[in-house]
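Some notes on the structure that comes next.
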Amino acid sequence: MNLIKRYWLTALASIVALVVFVTPFIFIILMAVKDRQQAALRDMSWPINFQLVENFLAVVQARDYMLITAYINSTILTVGSVTILVIVASMVGFVLQRHPTKWTPVVEFFVMAGLMIPPAVVPTIWLLQGIGLFKTLHGMILIEVAYNMSFAVILYRQFVATIPREMDEAAIIDGAKPLDVFFRVVFPMMWPVTVTNIVVQSVGIFNDFVNPLYYLPGRGNETVQLTLYSFQSQFNTQYNLLFMDILLVTIPPLLVFLFFNRQIVAGLSAGAIKG
Amino acid sequence: MTMKMTTRLARGAALSTAAILLATSANAQTLTFFTGNDQAVVAYSEAVAEAFEAANPGVTVEVEVGPGGTERDNMVKSRLATGTMSDVFVYNAGSLFQAINPMQTTVDLSNEPWQDSILESFKQTVTAQDGTVRGAPFGMAMGGGVLYNKPIYEELGLEVPMTWDQFMSNNQAVADAGYVPVIQTYGDTWTSQLFVLADYFNVQAAEPDFAERYTNNEAKYATSEAAMAGFQYLEDVNEAGYLNEDYGAATLADGLRMVATGEGAHYPMLTFALGTIGQNYPDNLNDVGFFAIPGDSPDVNGATIWMPTGLYVASEGPNVELAKQFVAFAASPEIACDLQMEVAPVTGPFLVAGCELPEDVPAGVADMQPYFEADGRTAPALEFLSPIKGPNLENLTVEVGSGIRPAAEAAELYDEDVRKQAQQLGLEGW
Amino acid sequence: MTTVALDTPKATSTPKALRKDLRYPSWFYLPAGTIYFILFLVPTVASLYFSLTRWTLFNSTFIGLENFQQFFREPFLFQSLINTVIFAVITSGAKVVLGLLLAVLLTSNIALRGFLRSVVFFPVLVSVIGVGITFTVLMHPTQGLINTSLEAIGIDGPGWLTDPRLALFSVALVDIWRGVGLATVIYMAGIVSIPQDYYEASRIDGARPIQQFFLITVPLVRPAMVTVIILSFIGGLRLFDLVWAMTRGGPGFASDVMASVIYKQYQAGFYGLSTAGNVVLFMLIACLAVPLAIFLNRREVNQ
């Protein structure tokens, strides 16, 4: 009796989760393949005319193939900043957790401050101009690193606490240098949280539109979110194209997630054995 | 097609690589051009750029489309302040123009030969505080008033209203016939301001010195009966239940569909929207007419006029001379009249002397003509007469139009908003 | 913070405990610290000065604390302050609770587990603009899928985003939808690292699943819970982009939060004022979040 009740409860929870989380995506996909008239109704109906290819081409070709330039820029931006972020933030998270000194509260204050203080746009532009990084992908990468640092550090610090101290201490006694210990011993053990960081940060940075709007203006510098932004007014009566753009813009983060999904699960279970 | 796509791809890749290597110095023959993001404006901008490239071999014009709405104000200001604006840029005339500190950020164009052919009424709105003219018109003038559905008017035998009371009784007749009397679209908040802003002809008719006294901190919306009227109208149409059911979520595009296809009778709007109607509902374009927001008396009736956006040269750009040539080119009758008529929909009169409207203008534009032809039947919108426009107006008008806040209270809050703006501009007497 | 190279502790005495700063060198802070200092701290400090000026971007006049006075005089500030706190409490509370329940569900033996795990995380992947466009369409009062579905079962749906009493809560709902997947993943990492022995031992002792949940799972996922609480609470207090993409603070000012009021000042060109607003928001977050973080971390240490 109890078993059946539990079974139903679980099934019900799963179904509710499915409906709540999947429906909007089905809606996006259906809208993206409809023709213009049907899309204008904005309902959940089945597409009468499948216009997958037409809509896709219309969005890709819009504004002189802006979307393709944007994909290239966004990819460089995301890969570059996430790589730097993972390396520098894991170092901070490691030392911060392992070696509390009188300076630790100061560092923690800055970590919290980074999470809490909204960035100051105009002084940042002046600064970037001063060091010649305004309107460059370099500059934009460093900005994303700076703005997302706190979040990454917090995730790492929390995870380092679950790694037994004996592991790195043993390596040190073997005479390895700190940098070696870190990248050969500790960093691999942090892989699960690194995956979480990669997924969360790359999605966040790929989807960021406010910062590129300010720090990376100019033709040829578009990122994918900015295309959505400009298509929003350009396609304001063509919901099918607007949703096609949403779909296209959502696919890269989806691929990143699906690629790392198994690793997340694998990493999580590895953590379980270790614990 | 495939070929074209590959070269484009290659170009995109090259651009990004260049950005990464930090290597490219600006080619002297490349002109950057920042324009608006409305569909019609983008099409016209690209046509002008192409024509300029054809007329000046070796020159490349890069058209950049920024964000729309208030994000645009933001971006234009921060790029001007940091000296990173494109060589030539399109931006509003009037109060928004004053807020970009034009004496520092734009190039003085007063002595350019083409200025002779620009109408005085436009020049005033792009004149900096030191009296120098900084821009050329980029687009056509627009009327602000009510777009109405002519077939509904014919079906119900209605007359264009000359007073607010007639307008309200027309609304009743429309409601009785089962149509939506007044369309409001607060999904695009700015559209809520039309009853207030387009009523300025009537304000000026009642108080000819309102703009000056308003700028000098003497006249207030809350204490001027004429200025209050716009807020009151918004309250009236909401209280009478004349609005479309989804007014809170509908967008400009919805509103235009409704007025063009006869779902609704009246839509307070600027006439640039006729261009959008022409593109989306070409068959219905001549079903849409225009009349000015009526006031108290049938004898005093006129339209409030909006100036087009201006074309400016950024003062810190590396190509000032080329940029000036480009502006001169865009202000010439061949481009500003002929090319524009060819590419962009006609939405109102030109501001370049010698430009004639074609014979077959849309019905809505034809309805504007009588206002322009008669003496004293037009007035510029307040934002072209005074540098102060409070940024919260659209939120307040949404509140009044949704019945969240009474008109009188909104007018008082708006006066407070205006005070803040005036202080920010550093005006005397605030 | 990065120049603390060698404050030698007395630990050198025993051979096993090598000097800690050699094992965990402070220069590890340096790369991150440099980027953070130059690109974040310097502009932030510069902006503190501008919060005391009337600033047009082109020039600035020193006006002392007038911006702060003006900011507190903003007619809608008080409402937005309340909205901010309501929003942060609702969204972080829901993420903490729903995230934990979902994580328990998704780490148990259920059908479609792998698929459900992905599905819960999907919304995290969509950009705010995409979410904004999609949900404004879905929540449309007359044509939206939500209300047409409700209508089909005889319920007259409300104006989710157009009713001033509801708008803030609708945005909060979407924020929970979008953010709960992240909370769930953080929880899941905590749950799978709980040794299975605990559950088996308690099962032998006759504990029911519900008791196991409260006596084993909840206490042992504490570190994950602390992370979820702090991140989602601060995120909620700072939230701007979703409000902007969905309602722009409207209708009127009904769903304005601090961050959107500040952004509006910025947009309107009141740069000094908006910088002052940033300082106020920072204070507010610091006053609410720092004690919370200290409280939660202290209890963590005590355990």
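Every number here is computed from the coordinates shown, using simple stated rules; none is lab data. From a predicted model like this one, the values you see are computed outputs, not experimental measurements. Neighbour counts are summed over all protein chains in view; Cβ atoms, including those assigned to glycine, are modelled from backbone coordinates with ideal geometry.
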Starting from the amide H of B:L31, placed 1.01 Å from N in the peptide plane, find each other amide H under 5 Å away whose residue is 5 or more places distant or on another chain.
B:T60, B:V61, B:E62
Using a simple charge model, +1 on the beta-carbon of Lys and Arg, -1 on the beta-carbon of Asp and Glu, nothing else, what dipole does region B:335-430 show about its Cα centre, in debye to the nearest 20?
360
Among B:I183, A:L127, A:V60, pick out the residue whose Cα is farthest towards the positive end of the charge dipole of the protein assembly as shown, where Lys and Arg carry +1 and Asp and Glu carry -1 on C-beta, about the Cα centre.
A:L127
Of the listed peptides A:10-20, A:123-133, what is their order by residue-averaged count of other C-beta atoms within 10 Å, with the highest listed first?
A:123-133, A:10-20
So how compact is region C:76-302: Cα radius of gyration and Dmax in angstrom?
20.2, 67
Please compute the Cα-Cα pair-distance distribution of region A:112-245 with 5 Å bins starting at 0, giving whole percents from short to long.
2, 8, 14, 14, 14, 12, 12, 10, 6, 4, 2, 1, 1, 0
Anything over 32 Å Cα to Cα? Flag those among A:K34/C:K95; C:K95/C:K264; B:K77/B:K150; A:K135/C:K264; B:K77/B:K220; B:K150/B:K220, in the order listed.
A:K34/C:K95; B:K77/B:K150; B:K150/B:K220
Give me the orientation-averaged projected area of the Cα convex hull of chain B, in nm², one decimal.
22.0
Fewest-first ordering of C:T275, C:T184, B:T35, C:T61 by Cβ atoms within 10 Å yields C:T61, B:T35, C:T184, C:T275
Got a sec to turn the phi values of region A:247-262 into Karplus ³J(HN,Hα) couplings, 6.51 cos²θ - 1.76 cosθ + 1.60 with θ = phi - 60°, whole Hz, x for Gly and Pro?
4, 5, 6, 8, 5, x, x, 5, 5, 4, 5, 5, 5, 8, 3, 4
Each residue of region B:105-121 in order: what ³J(HN,Hα) in whole Hz does its phi give by Karplus 6.51 cos²θ - 1.76 cosθ + 1.60, θ = phi - 60°, with x for Gly and Pro?
9, 10, 8, 5, 10, 4, 9, 5, x, 5, 4, 4, 8, 8, 5, 4, 4
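May I ask for the net charge around B:E46, where only other residues with Cβ less than 10 Å from the Cβ of B:E46 are counted and Lys, Arg are +1 while Asp, Glu are -1?
Details: positive: A:R63; negative: A:D64, B:E50.
Taking every Cβ under 10 Å from that of B:E46, the sum is -1.
Only Lys, Arg, Asp and Glu count, each charged at its Cβ (+1, +1, -1, -1), so figure out the dipole size of the protein assembly as shown about its Cα centre, rounded to 20 debye.
Details: 54 positive and 85 negative charges, 1392 e Å.
Charge dipole of the protein assembly as shown: 6680 debye, to the nearest 20.
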Would you mind giving the mean number of other chain beta-carbons within 10 Å of the Cβ of each residue in B:243-252, as a whole number?
5
Selection from B:A314, B:I335, B:V300, by position along the positive dipole direction of region B:278-430 (Cβ):
B:A314
Please turn the phi angles of region C:100-114 into ³J(HN,Hα) values with the Karplus equation 6.51 cos²θ - 1.76 cosθ + 1.60 (θ = phi - 60°), one per residue in order, whole Hz, x for glycine and proline.
5, 4, 4, 5, 5, 4, 7, 9, 8, 7, 10, 5, 6, 4, x
Considering the Cα positions of the protein assembly as shown, please state its Rg to one decimal place and its Dmax as a whole number of Å.
30.2, 103
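Using only alpha carbon positions, build the gyration tensor of region B:182-229, then give the equivalent ellipsoid semi-axes as the square roots of 5 times its eigenvalues, largest first, whole angstrom. Mind dumping the intermediate values first?
Working: eigenvalues 114, 26, 15 Å².
Here the semi-axes work out to 24, 11, 9 Å.
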Net charge (Lys, Arg +1; Asp, Glu -1) of residues whose beta-carbon lies under 10 Å from that of B:F89, B:F89 excluded, is -1
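Semi-axes of the equivalent ellipsoid of region A:57-167: what are they in whole Å, largest first, if each equals the square root of 5 times a C-alpha gyration tensor eigenvalue?
Working: eigenvalues 235, 71, 24 Å².
Equivalent ellipsoid of region A:57-167: 34, 19, 11 Å, largest first.
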To check you understand DSSP bridge types, tell me what percent of the beta bridges within the protein assembly as shown (both residues inside) are antiparallel, rounded to 5.
65
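As a footprinting exposure proxy, order A:H99, C:H140 by other Cβ within 10 Å, with the fewest listed first. Could you put the intermediate results ahead of the total?
Values: A:H99 17, C:H140 26.
Placing the least packed residue first, the sequence is A:H99, C:H140.
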Expressed as a whole percent, how much of the Cα-Cα distance distribution for region B:361-430 exceeds 17 Å?
61
How many Cβ atoms of partner chains, on average, are near each residue of B:29-36 if near means within 10 Å of its Cβ?
1
Region A:65-274 - percent relative contact order, Cα under 8 Å, separation 6 or more
31
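Using the Kirkwood radius over Cα pairs, work out the Stokes-Einstein diffusion coefficient for region A:72-137 at 20 °C and 1.002 mPa s, in µm²/s as a whole number. Please list the in-between numbers first.
Numbers: Rh = 14.5 Å.
Using the Kirkwood radius from Cα pairs, D works out to 148 µm²/s.
What per residue convex hull volume, in Å³, do the alpha-carbon atoms of region A:1-108 yield? Before the final figure, lay out each step's value.
Values: hull volume 26.7 nm³, N = 108.
Spread over its residues, the Cα hull of region A:1-108 gives 247 Å³ apiece.
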For the pair B:E321/C:L150, report the inter-label distance in nm, with labels modelled 7 Å from Cα in the Cβ direction.
6.6
Measuring from its Cα centre, chain B shows a charge dipole (+1 at each Lys and Arg Cβ, -1 at each Asp and Glu Cβ) which, in debye to the nearest 20, is 1580
Rg (Å, one decimal) plus Dmax (Å, integer) for the alpha carbons of region B:307-430?
20.0, 53
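Order of C:F68, A:F259, C:F40 from fewest to most other C-beta atoms within 10 Å?
Working: C:F68 16, A:F259 12, C:F40 23.
Exposure proxy ranking, most exposed first: A:F259, C:F68, C:F40.
Rounded to two decimals, what is the ratio between the C-alpha radius of gyration of chain A and 2.2 N^0.38 Å? Show your work: numbers first, answer last.
Details: Rg = 23.0 Å, N = 275, 2.2 N^0.38 = 18.6 Å.
Relative to the rule-of-thumb radius for its length, chain A sits at 1.24.
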For an R0 of 25 angstrom, estimate the FRET efficiency from the Cβ-Cβ distance between C:L48 and C:C287 and round to the nearest 0.05.
0.90
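How many Cβ atoms of partner chains, on average, are near each residue of B:265-278 if near means within 10 Å of its Cβ? Before the final figure, lay out the partial values.
Values: counts 0, 0, 0, 0, 0, 0, 0, 0, 0, 0, 0, 2, 0, 0.
Shielding by partners across B:265-278 averages 0.
Restricting to Cα pairs below 8 Å that are 6+ residues apart, what does the relative contact order work out to for chain B? Please round to a whole percent. Let's see the in-between values first.
On the way: 766 pairs, mean separation 107.5, N = 430.
Contact order relative to length: 25 percent.
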Which order do the peptides B:122-129, A:191-198 take when ranked by the mean count of other beta-carbon atoms within 10 Å per residue, highest first?
A:191-198, B:122-129
